[in-house]
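Take a look at the structure below.
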Amino acid sequence: MSEFRKDRISRLLVSAGRAFCLGDPNIRARLRSLHCRRVLQRSDPKRILDAGCGRSGELGWFGGIAPIAFPLSMQFPDALVVGLDQYEEITNHNRGCAAKGHLRNMVFETGTIQTARKYGTFDLVVFSDIARDAPRDSKLIQDAASLVALGGALVIICPTTWRAVWKNGLAWVPVETGFIPDRITGMLQASGFEVQHVSPIFRKWGASASLLYEGVSSLAFPLAVLLFPVLMTLALLDMHVSCATGEALIVVATRFVG
């Protein structure tokens, strides 16, 4: 079989997988994006920063564009969405995806939080899956918070001090890193924010679906793609069935005006 034919078949399989999964089948990335969009349903930001935007896998939209910045650009089509990442390779990849999708309201930058200051302040800053530990990363959160305009919102998704493991069923084990609600709430209040919402995510169903997906994917990724609709349906219960324990927190806070 010629290389051209192999490449064409590969591209067809990727396209088929993307259509089948409606985008990247990474359950954790999809859940973070869904939770973020849900807490912003009543918002109308005009300037959005996704600080640490990352990228999706090859099955993601347009070849793997940033998994939160892109849905926000669709949810708020009149807003400017800035995706920031420290790696030039990721920035270039996202720029290529945005060009492929003819996305007019997205720009991507390489650098630290300080790089985004050239845009001024933002009505919404998303800081997802970047801060991992309270003592080490509190300065990162404060830097991201400093880019929120008066009256604007900050959405943080960060790990808790619990991790889900599979031991004859789902079990929760404590870990030394992560955040607790009171700690991150106090940190934001001290920075001039009013915390509107704090809740655990990747709870029983989201964590179970994620662990199952990761286990199957490590054995055979095509099988994980085929099972994705079932596992994602299970994961969606994470957004509707309450549970006090989860692997991550989603926090929404607004900056005081005056």
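The values are calculated or read from the model by the stated rules, or taken from the named source; none is laboratory data. Just so you know, these numbers come straight off a predicted model, no measurement behind them. Note that we place each Cβ from the backbone using ideal geometry, even for glycine, and neighbour counts take in every protein chain shown.
Observations
- Some residue of the stretch 193-210 being among the hydrophobic types (A, V, I, L, M, F, W, C), surrounded by 14 or more Cβ atoms within 10 Å (Cβ to Cβ), under 30 Å from residue 145 (Cα atoms) and out of contact with any strand residue (DSSP E or B) (no Cβ under 7 Å at 6 or more places or on another chain): no
- Of the criteria (1) in contact (Cβ under 8 Å) with a residue 40 or more places away in the chain; (2) hydrophobic (A, V, I, L, M, F, W, C); (3) in contact with a strand residue (DSSP E or B) (Cβ under 8 Å, 6 or more places away or on another chain), which one residue 107 fails: (1)
- Residue in the stretch 218-228 that is in contact with a helix residue (DSSP H, G or I) (Cβ under 9 Å, 6 or more places away or on another chain), over 30 Å from residue 18 (Cα atoms), among the aliphatic types (A, V, I, L, M) and surrounded by 13 or more Cβ atoms within 10 Å (Cβ to Cβ) present: no
- Output for the stretch 113-144, where each listed residue is surrounded by fewer than 15 Cβ atoms within 10 Å (Cβ to Cβ), within 26 Å of residue 246 (Cβ to Cβ), more than 18 Å from the chain's Cα centre (by Cα) and charged (D, E, K, R): 136, 139
- Within the stretch 125-151, residues that are over 20 Å from residue 72 (Cβ atoms) and at pLDDT below 95 have Cβ atoms under 7 Å from residues that are surrounded by fewer than 17 Cβ atoms within 10 Å (Cβ to Cβ) and charged (D, E, K, R) in these pairs: 134/183, counting only partners at least 6 apart in sequence or on another chain.
- Restricting 244, 190, 171 to those that are out of contact with any Lys or Arg (no Cβ under 6 Å at 6 or more places or on another chain) and touching a residue at least 40 places away in the same chain (Cβ under 8 Å) reduces the list to 244.
- The set of residues in the stretch 55-98 that are on the phi > 0 side of the Ramachandran plot and surrounded by 20 or more Cβ atoms within 10 Å (Cβ to Cβ) contains only 64.
- Some residue of the stretch 177-188 being more than 21 Å from the chain's Cα centre (by Cα) and crowded, with 17+ Cβ neighbours inside 10 Å: yes
- Unmet criterion (only one of (1) among the charged types (D, E, K, R); (2) surrounded by fewer than 19 Cβ atoms within 10 Å (Cβ to Cβ); (3) under 30 Å from residue 175 (Cα atoms)) for residue 42: (3)
- Looking at the stretch 1-117, the strands (runs of 3 or more DSSP E) lying wholly inside it that each contain 1 or more residues that are at pLDDT 95 or above, closer than 23 Å to residue 253 by Cα and small (Gly, Ala, Ser) sit at 47-51, 80-85.
- Top-ranked residue in the stretch 154-168 [being in contact (Cβ under 8 Å) with a residue 24 or more places away in the chain and touching a Pro at 6+ places or on another chain (Cβ under 7 Å); ranked as surrounded by the fewest Cβ atoms within 10 Å (Cβ to Cβ)]: 162
- Inclusion of residue 147 among residues that are closer than 23 Å to residue 67 by Cα and more than 18 Å from the chain's Cα centre (by Cα) is warranted.
- Qualifying residue in the stretch 10-33 (condition: among the basic types (Lys, Arg) and surrounded by fewer than 14 Cβ atoms within 10 Å (Cβ to Cβ)): yes
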